[in-house]
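Colleague: What follows is a single structure, and I will ask about it in a moment.
The values are calculated or read from the model by the stated rules, or taken from the named source; none is laboratory data. Quantities reported herein were computed from a predicted structural model and do not represent experimental measurements. All Cβ positions, even for glycine, are placed from backbone atoms using ideal geometry, and neighbour counts span all protein chains on display. These area figures cover heavy atoms from the full protein model, side chains too; ligands, DNA and RNA do not enter into them. Shrake-Rupley method; radii C 1.70, N 1.55, O 1.52, S 1.80 Å.
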Amino acid sequence: MKILCIDTSSKLCGVGIFENEKLIDKIELNNGLTHSETLMPILKQILEKNSLVLKDFDLIAIDIGSFTGIRIGVATAKAFSDSLTIPCVGIDSLEILAYQIKEPSIVCSAIDCKNDNCYFALYELRNNEYVILEAPSAKTKQEVTDLLDSKYSNKEIKFVGDAFSSKSLFNHLSVENLNLAALKKFTRNNFHGEEILPLYLKKSQAERQLEEKGNA
């Protein structure tokens, strides 16, 4: 199975080509440009370099959260999927980070979103499956610490992401782990695609201001 992975959820804009779990090629750029300026040129570059066209792919994988940069990636993946009838799988950033832990354990995945806030989820790797213990949400760092202390104080927890950088084992997203998560999701239970939507765990500043005006 040939898989095209697209990640525009962080400062890096990344595209990877895989044959099942094997990496064929990837390009990851942080060149100061917006993802809307970067994505299509690196897609064109990697396809031409590997003598491929979009219709050669059996699956498209896209990181669906949790930042504003995901819009261009999701829109692009949906356009390719819809026009060429290629299944598309969306995986959120917190789950992709969790895939960096390979041995059975509890994994706290947390991404800093400024002002002592973070995007957070808790997983347990059991029998090669990342089981959700705490669903993705937006919390303060203190709320995450309190939750872990109250419910999981007797467990060894491994941290990934940049919200708790002093404890974290891994901070960076990768198209390799996006591919692993997407491949597992796609092959589970005869999965054949889904409606891909951005995952927003926190309302935008404009939405919050609009609500405040309405409540005033």
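Colleague: Hey, among E37, E28, E21, which residue is modelled with pLDDT under 95, touching a helix residue (DSSP H, G or I) at 6+ places or on another chain (Cβ under 9 Å), surrounded by fewer than 19 Cβ atoms within 10 Å (Cβ to Cβ) and among the acidic types (D, E)? Before the answer, list the steps.
Modeller: Numbers: E37 fails: touching a helix residue (DSSP H, G or I) at 6+ places or on another chain (Cβ under 9 Å); E21 fails: modelled with pLDDT under 95.
On inspection, the qualifying residue turns out to be E28.
Colleague: Out of curiosity, is I72 open to solvent by 20 Å² or more (accessible area, probe 1.4 Å) and either more than 14 Å from G16 (Cα to Cα) or in contact with a Gly (Cβ under 8 Å, 6 or more places away or on another chain) (or both)?
Modeller: It is true that I72 is open to solvent by 20 Å² or more (accessible area, probe 1.4 Å) and either more than 14 Å from G16 (Cα to Cα) or in contact with a Gly (Cβ under 8 Å, 6 or more places away or on another chain) (or both).
Colleague: Scanning segment 121-161 for residues that are assigned to a loop (DSSP other than H, G, I, E, B) and open to solvent by 40 Å² or more (accessible area, probe 1.4 Å), which turns out nearest to E95 (Cα to Cα)? First the steps, then the outcome.
Modeller: Keep residues of segment 121-161 that are assigned to a loop (DSSP other than H, G, I, E, B), which gives 127-128, 152-156, 161.
Next, only the ones that are open to solvent by 40 Å² or more (accessible area, probe 1.4 Å) stay: 127-128, 153-156.
Details: N127: 16, N128: 14, S153: 22, N154: 23, K155: 20, E156: 19 Å.
Filtering segment 121-161 for residues that are assigned to a loop (DSSP other than H, G, I, E, B) and open to solvent by 40 Å² or more (accessible area, probe 1.4 Å), the one nearest to E95 (Cα to Cα) comes out as N128.
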